[in-house]
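The values are calculated or read from the model by the stated rules, or taken from the named source; none is laboratory data. Note that this is a predicted model, so its numbers are computed, not measured. So basically every Cβ, Gly included, is an ideal-geometry build from the backbone, and we count neighbours across all protein chains shown.
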Amino acid sequence: MAYDIKAVKQQWEAHETPLVWGRYPVEHEPIRRHCHMLDDCNPRFLQDGQCPPVMVDFFASLGPWPPADYDIFPLIASIPTPGDRLINLSQEFEWFRPVRVGDRLGARHKVVSVHQRGTKPDPLSVWIKTETTIVNQHEDVVAVRTNQILVHRTPEEIAAETSRA
Amino acid sequence: MTETVGRVWDDVREGEEMAGFSLELTATRMVLQVSGTQDVYPVHHDPAFARAAGHADIFLNTAFIRGCLCRLLTDWMGPDGFLKSLSFQMRKPNLMGETISVRGRVKKKRPEGRVDVEAWIETPGGATVVSTASVLLPEKAGVSRSEGR
């Protein structure tokens with residue numbers, strides 16, 4: 001059966017998930033691991049308890065344990081697409097408030113757009129744009145993030161599809 | 001790390017280069033990536049999985065890349081600045097074995113302490129990530145931006 005992008009768009013564009021709180025509060029140890037991976041010695045993060053701005057969605061997420069999809073991945077996986085391999089092409093953040101160790105963060109996600117446009121790896125690639133709103137324990141918005149995700153098939157899947165046609 | 005000196009808007013010059021840094025993407029660094037981001041999607045740590053998807057090797061994930069840009073910007077802006085926005089496009093994968101350089105410069109000074117910046121990540125083969133950002137800096141009159149707006 002042919003992939004029906006119009007039906008997918010109609011069903012999924014503007015779809016929103018409910019607010020889900022992060023599994024853990026903002027903690028120092030993950031902030032330090034983040035800094036260590038980057039050789040980032042900034043005392044604001046390592047000692048003073050400020051959350052690196054780019055970690056707000058990390059703490060607003062359920063995280064990968066137990067092994068499961070998290071953040072926008074369950075939403076992306078719910079949207080029918082020819083393939084299931086993901087590439088995050090771009091991201092935008094706007095921040096409104098600082099976050100500190102001890103804060104509690106949560107997120108809701110929205111599908112902004114879905115469209116199909118062929119790419120070099122896959123002529124049936126699907127482009128999904130999402131918007132994530134991150135709030136603190138007072139439900140004040142601390143950041144808004146958008147992602148442009150590309151969903152594609154593997155070369156083997158494309159070859160198999162081509163040989164069947 | 002340049003955090004120790006607070007930067008004020010008045011002293012910023014358009015075209016000013018930021019102190020960048022380089023990181024070698026060794027196998028150990030790729031492990032630190034998974035530890036630091038908790039991103040266990042196999043394309044970032046399992047070479048066989050990455051190659052089956054058509055990639056040359058495992059490559060850096062989004063959280064590591066934006067962490068590099070964040071380090072560049074927060075080091076530069078100092079303790080009283082506020083990172084207001086960051087936008088970036090990942091044009092090519094940053095593969096294990098490469099050395100990345102993270103660079104930036106001031107693009108435009110705007111009123112109310114705002115500074116627009118362009119930043120990028122490059123390898124010897126060219127830019128792999130391009131980015132724009134805005135930061136809010138205190139002015140000499142003593143207006144702190146660190147609480148955001």
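Of the residues in segment A:143-152, at least one is in contact with a Ser or Thr (Cβ under 6 Å, 6 or more places away or on another chain) and of a type in the set (S, T, N, Q). Contact map, segment A:35-51: first residue of a type in the set (D, E, K, R), second residue in a helix (DSSP H, G or I), Cβ cut-off under 6 Å, separation 6 or more or different chains; pairs are A:Asp40/B:Arg71.
Of the numbered criteria (1) within 11 Å of chain B (Cβ to nearest Cβ); (2) touching a Lys or Arg at 6+ places or on another chain (Cβ under 9 Å), the one A:Val111 fails is (1). Of all the residues in segment A:42-56, those that are in a loop (DSSP other than H, G, I, E, B) and surrounded by 14 or more Cβ atoms within 10 Å (Cβ to Cβ) number 4. Residues of segment B:24-42 that are facing chain A (nearest Cβ under 7 Å) and either basic (Lys, Arg) or within 19 Å of B:Thr128 (Cα to Cα) (or both): B:Gln33 alone.
Which one is nearest to the chain's Cα centre (by Cα) among residues in segment B:78-105 that are away from every other protein chain (no Cβ under 13 Å) and among the charged types (D, E, K, R)? Going through the qualifying residues, I end up with B:Arg103. Within segment A:57-85, which residues are surrounded by fewer than 16 Cβ atoms within 10 Å (Cβ to Cβ) and either of a type in the set (Val, Ile, Thr) or in contact with a helix residue (DSSP H, G or I) (Cβ under 9 Å, 6 or more places away or on another chain) (or both)? Residues satisfying the conditions are A:Ala68, A:Asp69, A:Ser78, A:Pro80, A:Asp84.
For segment B:95-102, the criterion of being charged (D, E, K, R) and either closer than 23 Å to A:Glu27 by Cα or touching a helix residue (DSSP H, G or I) at 6+ places or on another chain (Cβ under 8 Å) (or both) is met by none of the residues. One residue stands out in segment A:118-154 among those that are charged (D, E, K, R) and under 12 Å from the mean Cα position of the chain (by Cα): the one that is farthest from A:Tyr3 (Cα to Cα), namely A:Arg145. Inclusion of B:Thr128 among residues that are at the interface with another protein chain (Cβ under 10 Å from one of its Cβ atoms) and either over 23 Å from A:Leu46 (Cβ atoms) or charged (D, E, K, R) (or both) is not warranted. Go through segment A:6-23 and give me each residue that's surrounded by 15 or more Cβ atoms within 10 Å (Cβ to Cβ) and within 14 Å of chain B (Cβ to nearest Cβ). Within segment A:6-23, just A:Gly22 meets the criteria. For B:Leu73, indicate whether it is aliphatic (A, V, I, L, M), touching a strand residue (DSSP E or B) at 6+ places or on another chain (Cβ under 7 Å) and more than 7 Å from chain A (Cβ to nearest Cβ). Yes, satisfied. B:Leu137 satisfies every condition listed in (1) crowded, with 21+ Cβ neighbours inside 10 Å; (2) within 14 Å of chain A (Cβ to nearest Cβ); (3) in contact with a helix residue (DSSP H, G or I) (Cβ under 9 Å, 6 or more places away or on another chain) except (2). Could you please find all residues in segment B:29-46 being at pLDDT 90 or above and of a type in the set (Val, Ile, Thr)? Across segment B:29-46, the qualifying residues are B:Val31, B:Val34, B:Thr37, B:Val43. Which one is farthest from B:Cys70 (Cα to Cα), of the residues in segment A:91-107 that are at the interface with chain B (Cβ under 7 Å from one of its Cβ atoms) and among the charged types (D, E, K, R)? That would be A:Arg97. For segment A:86-128, the tally of residues that are surrounded by fewer than 19 Cβ atoms within 10 Å (Cβ to Cβ) and of a type in the set (Asp, Glu) stands at 2.
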